[in-house]
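First up is the structure itself, then whatever we jot down about it.
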DNA sequence: GAGTGGTCTAGACCACGGT
DNA sequence: CCGTGGTCTAGACCACTCA
């Protein structure tokens, strides 16, 4: 079927091309790290000129879906933000190098999704979810307390692994064990005075300020795959933005 | 003098063109809201092809310096983030519409720049600065306590105006009275337990969590023009980001 | 209707990466 | 060396804005 007809023909060609490529990426036609078609090939297949093809690719690069390498090709980008903590919390060593905090699973259970979770994950109310609580530490000092919810349907394979063997990063685990690739995320920051439970977990005075980060992690097709809420001491928190 | 020679000739043409336009904007050859040269004119003046000119303009649009309007021209963008508070604090009415909080200047003084301020504003140590404290309120309720520092050299005209006549937005005032146009800003967020002084100003319990926003505001030439530190109740704070 | 930016073409040559 | 993306040209026609 002609790709043009699958998209709104009133759209500019470069838009339809972008959408087409975006769909192919979402359908995992190429896995992260793999090269997509060359520009010359796209020119042929879509009967577009090189400039138009490049504009479509440019858009996907700007969106973070692709990455170009002169001489090598254009590659499906692998999101690497399990360490996005670093956007918000300063865990650097004095040397400035990044460390991956230790991840320790405290609890894992299967339950019916609370309504807020069902809505964030776009599940039917009452669907089964995997709920985990996890503590992240650096040099034995607790830095972040996390509550993580996953749709059981997609992540059941995690239940077969001992939680002690989860390792420090979850997204590679999701990919290897469950074939679920995280492509992007939306985060929502708020702040509050810490409650008793988290004060104990994070070794803080009750009432000390904490930052709360709520994250929906999405696949390449933008379907929500994970929802988590993380709390960390406000003292460690720092975020920088540029505004225009 | 040939514009090409003023830039590194090893750079691609579209880069040199971008730099040239960027410099002209910084030098206020066009004021915010005014149209720059048309694409056709740029093609002539720089002996480049339309595609190259468009690429240079595209970059400046992406950077937020320009804005295109089909049929009208390409305009120097006016930064409109005095209300960037809305990025961080939710002040919306139930209706969702934005209100400009009332701004009330509590104090204004001329002093030697504290070293942190001198460094943020890139002033020689001990330079004279204008320091103001300001409270922002909505429906009479205090929302934000601000400390603002300005280089006296550029902003001396402000000292002639009664602080009661400052109005609710400062950046338009800077532009009208001092000819200083704010083009962008860098913000730095942290959180802390509120101290006594700010607890009283913001009508909070001592120790309640507050968000601290430090902002350096820059001109089109990226020279720092203002430094401010704002504190607001964490309860009102919310920030959303997308991560890829 | 005149003038602006928006889309698109069909090439050319260059710079870089891997073999 | 070959194949990749990077830069650049010199047009054409369309869609929109404003007088």
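Within 10 Å of each Cβ in A:231-244, how many Cβ atoms from other chains are there, averaged over the peptide?
Averaged over the peptide's residues, the number is 6.
Pull out the extension gain between residue A:244 and residue A:128, defined as 0.36 nm times the separation in residues minus the alpha carbon to alpha carbon distance; nm, one decimal.
On the way: separation 116, 0.36 × 116 = 41.76 nm, distance 4.35 nm.
Extra length available between residue A:244 and residue A:128 comes to 37.4 nm.
Can you list, bin by bin at 10 Å, the percent of alpha carbon pairs in chain A, starting at 0?
Answer for chain A: a P(r) of 6, 26, 29, 22, 12, 4, 0 percent.
Which number comes out as Rg/Rh for region A:188-244 once both Rg and the Kirkwood Rh are worked out on C-alpha atoms? The partial results should precede the final answer.
Details: Rg = 14.2 Å, Rh = 12.9 Å.
Ratio of gyration radius to Kirkwood radius for region A:188-244: 1.10.
Calculate I(q)/I(0) for region B:155-196 by the Debye formula, one identical point scatterer on each C-alpha and no solvent, and give its log10 at q = 0.18, 0.21, 0.27 Å⁻¹ to two decimals.
-0.69, -0.76, -0.92
Hey, could you pull the Cα Rg and Dmax for region B:128-206, both in Å?
Cα radius of gyration and Dmax of region B:128-206 are 14.7, 41 Å respectively.
Would you kindly work out, in nm and rounded to one decimal, the distances from the label point of residue B:109 to those of the same position in each other copy, ordered shortest first, with label points 7 Å along Cα-to-Cβ?
Here residue B:109 shows inter-copy label distances of 5.6 nm.
Distance in whole Å from the A-onto-B rotation axis to the closest C-beta of chain A, together with the residue it belongs to, please.
A:209, 2
Using Cα-only point scatterers and the Debye equation, what is log10 of I(q)/I(0) for region B:62-179 at each q in 0.21, 0.24 Å⁻¹, rounded to two decimals?
The calculated log intensity ratios at q = 0.21, 0.24 Å⁻¹ are -1.22, -1.33.
Find how much the distance from residue A:203 to residue A:63 grows on full extension, using 0.36 nm per residue of separation minus their present alpha carbon separation; answer in nm with one decimal.
46.5 nm
With a point put 7 Å past each Cα toward its Cβ, work out how far residue B:99 is from residue B:29 in nm, to one decimal.
Distance between label points: 4.5 nm.
Can you give me the Cα centroid spacing of region A:20-92 and region B:39-84 in angstrom?
That distance is 26 Å.
Taking a point 7 Å out from Cα toward Cβ as the label site, list the nm distances between residue B:141 and the same residue in every other copy, smallest first.
When each copy's label point is compared with this one, the spacings are 3.7 nm.
Could you state the number of Å between the C-alpha centres of region A:206-238 and region B:105-182?
35 Å
How large, in Å, is region B:6-92 by the Kirkwood hydrodynamic radius built from its alpha-carbon pairs? Please list the in-between numbers first.
Values: mean 1/r = 0.0707 Å⁻¹.
Taking the inverse mean of 1/r over all distinct Cα pairs, region B:6-92 comes out at 14.1 Å.
Apply 1/(1 + (r/R0)^6) to the Cβ-Cβ distance of residue B:153 and residue A:138, taking R0 = 45 Å, and write down the FRET efficiency to the nearest 0.05.
0.50
At 0.36 nm per residue, and after removing the present C-alpha to C-alpha distance, how many nm does the segment from residue A:119 to residue A:7 gain when stretched out fully?
37.4 nm
Give the dimensionless ratio obtained when the Cα radius of gyration of region A:106-237 is divided by 2.2 N^0.38 Å. Numbers along the way, then the final one.
Working: Rg = 15.0 Å, N = 132, 2.2 N^0.38 = 14.1 Å.
The value comes to 1.06.
At residue B:197, label 7 Å along Cα→Cβ: distances to the other copies, nm, ascending?
Between copies, matching label points for residue B:197 lie 3.9 nm apart.
For the protein assembly as shown, state the average projected area of the convex hull of the C-alpha atoms over all orientations, rounded to one decimal in nm².
28.7 nm²
For A:211-221, what's the mean count of beta carbons from other chains sitting within 10 Å of each residue's beta carbon?
Shielding by partners across A:211-221 averages 2.
When you look at the Cβ of every residue in B:191-204, what mean number of other chain Cβ atoms sits within 10 Å?
On the way: counts 13, 6, 7, 1, 0, 0, 0, 0, 0, 0, 0, 0, 0, 0.
Neighbouring Cβ atoms belonging to other protein chains average 2 per residue here.
Under a point spin-label approximation (7 Å from Cα along Cα-to-Cβ), what is the residue B:186-residue A:45 distance to one decimal in nm?
Here the answer is 4.2 nm between the modelled labels.
No value in this document is a laboratory result; all are computed from the given coordinates. Bear in mind the structure is a predicted one, so any value in this text is a computation, not a measurement. Please note: Cβ atoms are built from the backbone with ideal geometry, for glycine as well, and neighbour counts cover all protein chains shown.
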